[in-house]
Structures are given as C-alpha cells and as structure tokens.
Amino acid sequence: MAKKPQLAIDTRPWRDPANNKPFVRIRNVTKKFGDVAAVNDVSLDIYRSELFCLLGGSGSGKSTLLRMLAGFETPTSGTIEIDGQDMTDVAPYNRPVNMMFQSYALFPHMTVEQNVAYGLKRDHLPRAEIAARVSELLTLVKLQDYGKRKPHQLSGGQRQRVALARALAKRPKLLLLDEPLGALDKKLREETQFELVKIQEQLGVTFIVVTHDQEEAMTLATRIGVMNQGEIAMIGEPADIYEFPNSRFVAGFIGSVNMVEGIVTEDEPDHIRIRSGELGCDIYVGHGVDCAPDQLLWWAIRPEKMHLSRERPEVGHDANVTSGVVEEIAYLGDISVYQIALDSGKRIRVSQTNASRGNPDAITWEERVFVTWGDSSGSVLTS
Amino acid sequence: MTTAHDPTIPPPRRLKPWNVFERRLARMGITGRMLVLAAPVLWLLVFFLVPLAVVFGISLATKQFGRPPYSALLSTEEGTVQLTLHLSNYIRLFTDNLYVAAYFSSIRIALISTIITLLIGYPMAYAIARVPDRWRNILLMLVILPFWTSFLLRVYALTGFMRGNGVINQFLGLFGIPPLVMMQTDFAVYVGIVYTYLPFMILPLYTNLVKLDGSLLEASADLGARPLRTFLTITLPLSLPGIVAGSMLVFIPAIGEFVIPSLLGGPETLMIGRVLWDEFFTSTNWPRAAAVAIAMLVVVVVPIMLLQRAQNAVVEK
Amino acid sequence: MRRGWFIPIVAALGFSFLYAPIISLVVFSFNENRLVTVWSGFSLKWYGELFSDPQMLGAAWLSLQIAAISASIALVLGTLAAIALVRFRRFRGRTLFSGMVSAPLVMPDVITGLSLLLLFVAMESVLGWPQGRGMLTIVIAHSTFCTAYVCVVVQSRLSDFDRSLEEAAMDLGASPLRTFFDITLPIIAPALVSGWLLGFTLSLDDLVIASFVSGPGSSTLPMVIFSKVRLGVSPDVNALATIIIGIVSLGVLTATIIQLRNRPRSSRA
C-alpha cells in the first residue's frame, strides 16, 4: 500500500519565497469604479493549500479583490495568475476557481442535490459520476439525508454547508469564500470554523476567505492580509499580525491596544528609549529599531501585556513604569479590564487574569496603581 | 508523474453548444445586448413612435373624400415635389369652444373623480391594512377581483343600477320616494369613474399603509397625541407616496376615458376622448381627430410623463 | 390601538358600493323578464339565448385568440425590454427606450387606437401591407400596449433579483445564456405568468383600441357588447357578464388559495 504522502517539512512556504512558487500571483492589481479605486495597486502571493484570510472593514476592497479572482470584475490594471496561468481576462465560467457566496446564492428552485450537481452537469460528466460525486460531497458536509430538500427547507447552518459542498463539487484549484460564516449565529460560527479548517486540510484545496471578523481570521487563517482603503496594510501569520503589527492601523484594527506618542531619546543598536509625555514616563525598548534620535513615533501595547500593582515595582533603566487612578473596571469573568487615568489625563486599559475566586484583595475603583510592562512587550510603530 | 486523480488537473472541458453559438455571433460583431434590445426596440419604433409621427403628419392635412380620407402632404406636380401643410385643424382647436371646453371639462371631471376616489379608497385601504391577517387576504381578493373582470361589463352593471327603473330607484320607491334621474348626467360619470377605478386607488394605498410601523402610532400616542392628531401628523404624511401613486393611477386614465362618458354621461358631458372618437367615427374627419390627439398628447400626456419622471427621480434619491 | 367606528363603516360602504351593482347584475341574469330590472321568476333562458347567438360566440372566440396571441408576443417583448432596462445600466438611447416602453401606460386609448389605425392605413397605401384591417392589426395593437404592462411586472421582479445567484451559476461553469435559462428564467417565472395574465385580461377587455384598428367582420367581444349595451338593456349581456365573473372569481380564488398555501415557503432568505 502506498504510504500517505508526507507533509512537506516546511508547511509554511511563504517563509521561503525563493524556493517556493506561489499558486496565486496578484501583480499590481488596481480596480477603479469611476474615479474611485476600490483596490489600489495590490500585489499578493498565495501558496498552494494555504487558507488565506483577507481581513478588512467595509469598503476596504477585500470583496472586490475576491470578485476579481472569481472573474466577476476585471482589473483596471495589473494581472492575476492562478497556477501559472494568466486569468486576468478569463470569464468566470472558464476559471478553475469556485466561490462560496456570502448570501450562499443557493438556487431556490433546485433541490440540494441539484444545487451540488449543477457545476458537474456543466462539465457534461456522466450521470453516474455526478451522482457519486454529489453523495460523496453531501457526506463530507454531513447532509446525506437532505439531498431532496429545497434550500428554504434548511436551517442557516445547513444552507451554509450546501453552499460549501456546491463550491467544492468541481474540485476547484482555488476556493473563494466570501464571509463564509457571516450569516451564522455566534455559537454555530465557532463550531463551523473548525469544521471548515478540517475540510480544507483534508482536501488540500487552497482557500481564500474574505472576512471582517478578526477573530474568525485568527482562527482560520494560515496567513492574514489586512486590507485598508484598497491597499494591503500587512500580510502575515495571525500571531505576527497581533504581536508585531507594522502600523498604527493594523495595531488598532486587530484586538484592543493602548497607543501613545513619544520621542526617541536614545537610539542604540541593542535598545532605544522613548520619552512619552502622554504616558508620563520613559519607554525602554530592549531591541534595536530603525529610527533616529528626536524622531516622533508611536508605541503600542496590548492590555494583557501590562501589569498592575499597588506598590511601586522594582524596574531597571528608570523606565517602563507609570501610575494612575482606576476609573472603571469591566469584569468579564476570565479577565477584568481596568481603565486607568494616567496623570497626563491619558486613559489606558490593562487586563488582568482573574486567577483566584472572589479575591477580596483585588484592586478596586479610585485606587492609585502602578502600571509596568516588559522591555519588549510593546511595538514601536513609525507609520 | 502525476496520477489520474491529481486534483490540480481540471476535468476535460468539452465545447458547449451555447459557446459555439455565442462565439459565432460575437465574430459577426453582434453582442448579447444587441440581441436582447433588437426586438423590443424595433417593435416600439414601428408601432409606437412612427404612429405618433404619422398622427402628427395627418393632423397637418385636410379632410377629403376618398381613400384615405385626408389630403396628401406630399404631392408631385409637374415633376416637382410639393409639401402642403394645413394648420387649419389646430386653429379650429383654439377657436372652436367645443375643444377648449372639452379639455377643461375632462381635467375637471378627472380631478373631482380622483378626489372622491381617494376619499373613499383611503379608509378602505386603511381598514384592509389594519384588520387581522386572515381577513386581510379575503378583503384584498375582493378588491382585486373587479380588476380582473371586464371593465366594460362593470360600467354596464352600473347602468342597470342607476337607470330610471333601476335597482336604486326601485329601492327608493319602496319608501315612496320619486325616482331620481341619475343616468346621462355628469353625476353618473363621476360614479362610473369612482366605481371602476377604485381598486387602482386602494392597492397602492394599501401597500403603503401596510408597511406603516405600528410602533410609530404607539409612540405618537405615548407622546400625548390623540388619534386624529396622530393620523394627521404621522399616518397621512407617511402615506403620501401611496396617495400620489393611487391618484395618478386614477387621474391619468380618467382624462382620456371614452367608455364611461359615452355609456353613462349625457349629451352635454364633454370629455376629450369622446370628442376625438366622434370626430373620427361620426364626422370621419381624420385630420381633425389627429389634431385633437396631438393637442391631447401635448396638454395631458407629456406633463404627466414629466411629472412621473420627477417623482421617480425623487423616489430613487 | 383603539378602534374608531368611522373607518370600518366607510370601508363596509365602499365594499357594498363595489359589489352591489355586480351582484344585481348576476341576480338579474337569471330573471325571466326581458325588462332586466323587473323580477318575474327564475329562468336560464338568457343563457340559452347567449349560447345560440353566433355573433356573440364568434366575437368571444376571436377575442380569446387575440388575447392569447397578444399576451404571448407582449410577454417576449416586455421581458426583453425589462431585462434591458434593469441589466444594461447605460446604453445609447436608454432614455428614449424607457420612455417608449412606459409611455403606453399613460397614453389614452383613443390616441393609441387612432395612431395605430393611421399607421396601418399609411402603411397599406405605401407598402401594401397590412391588407385591410382585422385580427392581425388588433393583435399588433394589443401586443404593443400589453408590452408596457408586462415590462413593468417583470422589471419589478428583476430589480429585486439576487444577482449572486447568476454569478454562482457562472462560477460553476454556466455561460451567460445558459445561466439565463437555468437560473434567471425559472426564478422570474411567477412574474412572467402574472404578466401574461395581465396582458391577456387587458386585451380581452379593450374596446377603444380594437374599435379603431379592427375591420369589417372582425368585431371583438367588447365591441359587440358595446353596440348591444348602447342600444339599451340586453339580458344576454347579463348572462355573459355572470359567466365571466364566475370564471374570474374562480381563477382569483384559486390563485389566492395557492398563494396562501405557499405562504410559509415563500419566506425564504
């Protein structure tokens, strides 16, 4: 028996672009509607078997980019290559690409089986082969017993699975998913996320998912492309995007963040020091940053990367500690989020894990507290 | 080597018949759009636009005996083409009281009937929009039913109702009231228009009123407005689009109405549609009839189309 | 909400106003007396007279044929026009086209009738076609004004059509034409049916336009009814009206029941 093919040793081909050929190659693509550029000079490489998420708010151009991949929009300029073939001017019905629509777009006058079989019939496959493929797909999405139903007789989650089965039926090289979980309620969405990832890994198809939900993107994606106003703001693995944002936009878009302005006072190869009036203290960053003395820049830190204490903690470098008064406490169960008013008037948020039950000694309203953080807990942002 | 099950190899694509057909058309420079547009455009040009031009042309001719019963605009005399235009028909329209009176009378009758229809139709539409669901469908069906039955027969039903020895007068007779003369009066024409066009008023009003959010009325009452004030300040302004749509649906066809004035109206009931009909069928003066039609087009139809366009533009915004 | 007495009373009066004449017409169709409004006993004799009147029967048959053909032509033309208006956002002459499509809705029948008659007369003298006037010219006239109504009905269905359904079909490999027949057409089918029925009814109902463009020997049913009614009362028209009302009520009732039964299914997302 043949052995199951081994997964490539490095499952992250984007880390080694020199030796890996991208599967989808988007080159300088711009799409203008009238004078407005919905997508502006986007270049993007996506590798085989990736689950790539395009994340952005409404009007960020993510859907337009997806529709250009499907062929419903033609780029104003630039090229799109899929598996080495130029697809820029190929009609949607001749592309080896299938799409799962946000509204699911299930044909209301056809049964579930007919919906799934539609694409196969267009390829004039033999009847028996179509039937076999349809039942295989319905089994995959656990809808074997629903084949004879019409879409309106299904629940939202079932419709979503029919849409997925239909899009997978033709064994597309590339599957595009437009807000695949957007219409589901929160609990169903969380279950379906994992199912989607499982199916993707099982079939090895390349997925490109458009979503506005950062949590969804973090859960699903091998890599995320954050889009803003028609441009790609950052491409990276979920952890990179969260921990090492490259700009104020990305830092603010994903998760919650405290951001302060500051001026570089020391610029050494192994560290820099930033003076921040807003924060009321110096920031000591334990690694070198590409900047110049007296440069104005921003420093961002996630609420969970900071620590609260009643006593002034011991810190080195005479930095990374400030104090303020607790203004608000939001108790969320697993964590509590404290809003601290610093002496400068700036408000920051600090979250602390509620490790013990009903702690009577917990920090409470109106208390003066000290806030500290580690040398490399924050991100220095120059744009 | 790739195996037969390699998912990256697309399944064989056979040439589909539609593709061949489309490609052949495309090679001839024919796009799908042109094919879709061709039939309706040609039909409407030949059977809608050209006829209007013909009417205009004939309105500039004069009546003559023979076939066709109007003078030719173009004639060839001794090798030269001569164009003869007569403005006499139009001059007659302005100088003969009959025509001017008929235009004003048509507009008056249509306007008054529309207002009466609105006054009757609004409470009906309101009632239908407010009754429980199972009643609503029955009432709606009752409104739609006459719409699908013959217009002519409904006017005929009215004559049986209103004539000298008709149902109404027989009923009044039971109480010793002498019979009323209703037929062949302007009153009968008003009744006829209201009766036949009532469904056209109710339906758009209903679709508007049924969408009215009940919580708005509750909010108004909660803020201290009595029912009448709530109606005047909330319901009425919000139903304005329905009122306009319904009124247009009654007013427009009522102006050109022929059947109702000729079956229910008296000899003195002047309506422009009837004047045109008589000009054509009774006096067989085709050029005059054509001139009446053109005047009607300019005075009535064009303003209505402009009004509708303006209304649509507002709605789209 | 508190209910007043005013609205229900006016509504009840309104409905009686709508139905009293029709009901009296139906009742008197079974009257034995020639005087339509004097009741003298139950009889079906006017129905017998109606069905032995060759002029009436011939006119009815002609009207039905004209209505069916005109509605079908109008269905094709109106649907194409609706597609063009909804889907082709910009093309040369769009304003003129949409004007031409919707103008017949506000055009008085007398103008439509007169203009088409004058066209046919002019065409006959220039081209030699159409020879005389009759069924063909009535069909052309009716198709023209019914096209406008079909277009309105189909247009409203098309404009709230979910375009992603068509995109999904193309995404799955269907060409645009294939997509139209597989997806668009079946989904707008209810609008096509009601458009056709509307055209059929309007054609069956038209007196004025047909009077202009018909020729000798091609009198439609409304023309025959009109000439009879104009001369005075005729009980067999009562009988005919009762039959028509019966058929229409049955049709509307069936449609309403089907619609009500489909209610829960039509609430699809």
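The values are calculated or read from the model by the stated rules, or taken from the named source; none is laboratory data. Since this is a predicted model, take the numbers as computed values, not measurements. Cβ atoms come from the backbone with ideal geometry, glycine included; neighbour counts cover every protein chain shown.
So which residues in the stretch C:118-139 are free of Cβ contacts under 8 Å to residues at least 60 places away in the same chain, in contact with a Phe, Trp or Tyr (Cβ under 8 Å, 6 or more places away or on another chain) and within 11 Å of chain B (Cβ to nearest Cβ)? It would help to see each step written out before you state the result.
Filtering the stretch C:118-139 for residues free of Cβ contacts under 8 Å to residues at least 60 places away in the same chain gives C:118-119, C:121-131, C:136.
Those left that are additionally in contact with a Phe, Trp or Tyr (Cβ under 8 Å, 6 or more places away or on another chain): C:118-119, C:123, C:130.
Within the stretch C:118-139, C:Leu118, C:Leu119, C:Met123 qualify.
Please determine, by comparing only the residues of the stretch B:137-148 that are surrounded by fewer than 21 Cβ atoms within 10 Å (Cβ to Cβ) and either outside any helix (DSSP H, G or I) or in contact (Cβ under 8 Å) with a residue 24 or more places away in the chain (or both), which one is nearest to the other protein chains (Cβ to nearest Cβ).
For the stretch B:137-148, the residue satisfying everything is B:Ile144.
Of all residues in the stretch A:17-35, which are crowded, with 17+ Cβ neighbours inside 10 Å and among the aromatic types (Phe, Trp, Tyr)?
If the condition is that a residue be crowded, with 17+ Cβ neighbours inside 10 Å and among the aromatic types (Phe, Trp, Tyr), then A:Phe23 is the only one that fits.
Considering the stretch B:261-315 alone, what residues qualify as being in contact with a Pro (Cβ under 7 Å, 6 or more places away or on another chain) and either buried (at least 23 other Cβ atoms within 10 Å of the Cβ) or among the small types (Gly, Ala, Ser) (or both)?
B:Met271, B:Gly273, B:Trp286, B:Met296
Could you grab me the full set of residues in the stretch C:172-218 that are more than 10 Å from every other protein chain (Cβ to nearest Cβ), of a type in the set (S, T, N, Q) and closer than 26 Å to C:Thr112 by Cα?
C:Ser194, C:Ser203, C:Ser214, C:Ser218 - these are the residues of the stretch C:172-218 that are more than 10 Å from every other protein chain (Cβ to nearest Cβ), of a type in the set (S, T, N, Q) and closer than 26 Å to C:Thr112 by Cα.
Where in the stretch A:286-383 are there strands (runs of 3 or more DSSP E), lying fully within it, with 3 or more residues that are of a type in the set (Gly, Ala, Ser) and modelled with pLDDT of 85 or more? Spell out the reasoning first.
Working: elements: A:296-301, A:306-309, A:321-331, A:335-342, A:347-353, A:368-373, A:379-381.
Output list reads A:321-331.
Looking at the stretch B:92-104, is at least one residue among the aliphatic types (A, V, I, L, M), touching a residue at least 12 places away in the same chain (Cβ under 8 Å), in a helix (DSSP H, G or I) and within 14 Å of another protein chain (Cβ to nearest Cβ)? Before you say what the answer is, go through the steps one by one.
Applying the first criterion (among the aliphatic types (A, V, I, L, M)) to the stretch B:92-104 yields B:93, B:98, B:100-102.
Imposing the further condition that a residue be touching a residue at least 12 places away in the same chain (Cβ under 8 Å) reduces the set to B:93, B:98, B:101-102.
Next cut, in a helix (DSSP H, G or I) only: B:93, B:98, B:101-102.
Imposing the further condition that a residue be within 14 Å of another protein chain (Cβ to nearest Cβ) reduces the set to B:102.
Yes, the stretch B:92-104 has at least one match.
Looking only at the stretch C:193-201, decide whether some residue is of a type in the set (Gly, Ala, Ser) and touching a Pro at 6+ places or on another chain (Cβ under 9 Å).
So the first thing to find is which residues in the stretch C:193-201 are of a type in the set (Gly, Ala, Ser), and the list is C:194-195, C:199.
Restricting the remaining residues to those that are touching a Pro at 6+ places or on another chain (Cβ under 9 Å) gives none.
So far as the stretch C:193-201 goes, no, none of its residues is of a type in the set (Gly, Ala, Ser) and touching a Pro at 6+ places or on another chain (Cβ under 9 Å).
Of all residues being in a helix (DSSP H, G or I) and over 19 Å from B:Leu152 (Cα atoms) in the stretch C:208-251, which is modelled with the lowest pLDDT? Just the residue, please.
In the first step, residues of the stretch C:208-251 are kept if they are in a helix (DSSP H, G or I); the result is C:208-213, C:221-231, C:235-251.
Going one step further and asking which of them are over 19 Å from B:Leu152 (Cα atoms), we end up with C:250-251.
Numbers: C:Leu250: 89, C:Gly251: 86.
The residue in question is C:Gly251.
Under 8 Å between Cβ atoms, at least 6 apart or on separate chains: pull out the pairs that start in the stretch A:240-252 with a residue that is crowded, with 17+ Cβ neighbours inside 10 Å and end on any residue that is outside any helix (DSSP H, G or I) and of a type in the set (Lys, Arg).
Short answer, once both residue conditions are applied: A:Tyr242/A:Arg302.
Having 1 or more residues that are more than 22 Å from the chain's Cα centre (by Cα) and within 12 Å of chain B (Cβ to nearest Cβ) is the bar; report the helices (runs of 4 or more DSSP H) wholly within the stretch C:1-117 that clear it.
Working: elements: C:6-29, C:45-51, C:54-87, C:94-106.
Output list reads C:6-29, C:54-87, C:94-106.
Of the residues B:Ile234, B:Ile202, B:Ile252, B:Ile243, which is among the β-branched types (Val, Ile, Thr), within 9 Å of chain C (Cβ to nearest Cβ) and more than 30 Å from B:Phe94 (Cα to Cα)?
That would be B:Ile202, the only listed residue that is among the β-branched types (Val, Ile, Thr), within 9 Å of chain C (Cβ to nearest Cβ) and more than 30 Å from B:Phe94 (Cα to Cα).
Surrounded by fewer than 22 Cβ atoms within 10 Å (Cβ to Cβ), of a type outside the set (Gly, Ala, Ser) and out of contact with any helix residue (DSSP H, G or I) (no Cβ under 6 Å at 6 or more places or on another chain): is that true of C:Thr254 in this structure?
Numbers: surrounded by fewer than 22 Cβ atoms within 10 Å (Cβ to Cβ): yes; of a type outside the set (Gly, Ala, Ser): yes; out of contact with any helix residue (DSSP H, G or I) (no Cβ under 6 Å at 6 or more places or on another chain): yes.
It is true that C:Thr254 is surrounded by fewer than 22 Cβ atoms within 10 Å (Cβ to Cβ), of a type outside the set (Gly, Ala, Ser) and out of contact with any helix residue (DSSP H, G or I) (no Cβ under 6 Å at 6 or more places or on another chain).
A:Ala38 is checked against (1) surrounded by fewer than 24 Cβ atoms within 10 Å (Cβ to Cβ); (2) closer than 19 Å to A:Leu181 by Cα and fails just one. What number does that condition carry?
(2)
Can you tell me which residue is farthest from A:Val209 (Cα to Cα) among those in the stretch A:118-137 that are more than 10 Å from every other protein chain (Cβ to nearest Cβ) and crowded, with 21+ Cβ neighbours inside 10 Å?
So, considering only residues that are more than 10 Å from every other protein chain (Cβ to nearest Cβ) and crowded, with 21+ Cβ neighbours inside 10 Å, the one farthest from A:Val209 (Cα to Cα) is A:Val134.
Rundown of residues vs (1) closer than 12 Å to B:Tyr156 by Cα; (2) in contact with a His (Cβ under 6 Å, 6 or more places away or on another chain); (3) acidic (Asp, Glu), yes/no style:
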{"residue": "C:Leu192", "(1), (2), (3)": "no, no, no"}
{"residue": "C:Ser203", "(1), (2), (3)": "no, yes, no"}
{"residue": "C:Asp206", "(1), (2), (3)": "no, no, yes"}
{"residue": "C:Gly217", "(1), (2), (3)": "no, no, no"}
{"residue": "C:Met223", "(1), (2), (3)": "no, no, no"}
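For the stretch B:260-280, which positions are more than 20 Å from B:Val300 (Cα to Cα) and facing chain C (nearest Cβ under 8 Å)? If you could, list the steps in order and put the result at the bottom.
Filtering the stretch B:260-280 for residues more than 20 Å from B:Val300 (Cα to Cα) gives B:262-268.
Within the stretch B:260-280, B:Ser262, B:Leu263 meet the criteria.
Would you pick out the residues in the stretch A:147-163 that are crowded, with 20+ Cβ neighbours inside 10 Å and more than 11 Å from chain C (Cβ to nearest Cβ)?
Within the stretch A:147-163, A:Gln160, A:Arg161, A:Val162 meet the criteria.
What strands (runs of 3 or more DSSP E), lying completely within the stretch A:123-239, carry at least 2 residues that are free of Cβ contacts under 8 Å to residues at least 40 places away in the same chain?
Once the strands (runs of 3 or more DSSP E) in the stretch A:123-239 are filtered for at least 2 residues that are free of Cβ contacts under 8 Å to residues at least 40 places away in the same chain, what remains is A:231-236.
Within the stretch B:93-107, can you find the residues that are more than 13 Å from B:Glu279 (Cα to Cα) and either in contact with a helix residue (DSSP H, G or I) (Cβ under 6 Å, 6 or more places away or on another chain) or not polar (S, T, N, Q) (or both)? Steps first, please.
Filtering the stretch B:93-107 down to residues more than 13 Å from B:Glu279 (Cα to Cα) leaves B:94-97, B:100-101, B:103-107.
Within the stretch B:93-107, B:Phe94, B:Asp96, B:Val100, B:Ala101, B:Tyr103, B:Phe104, B:Ser106, B:Ile107 qualify.
For B:Gly164, are the conditions met, namely being facing chain C (nearest Cβ under 10 Å), surrounded by fewer than 21 Cβ atoms within 10 Å (Cβ to Cβ) and free of Cβ contacts under 8 Å to residues at least 40 places away in the same chain?
Details: facing chain C (nearest Cβ under 10 Å): yes; surrounded by fewer than 21 Cβ atoms within 10 Å (Cβ to Cβ): yes; free of Cβ contacts under 8 Å to residues at least 40 places away in the same chain: yes.
Answer is yes for this residue.
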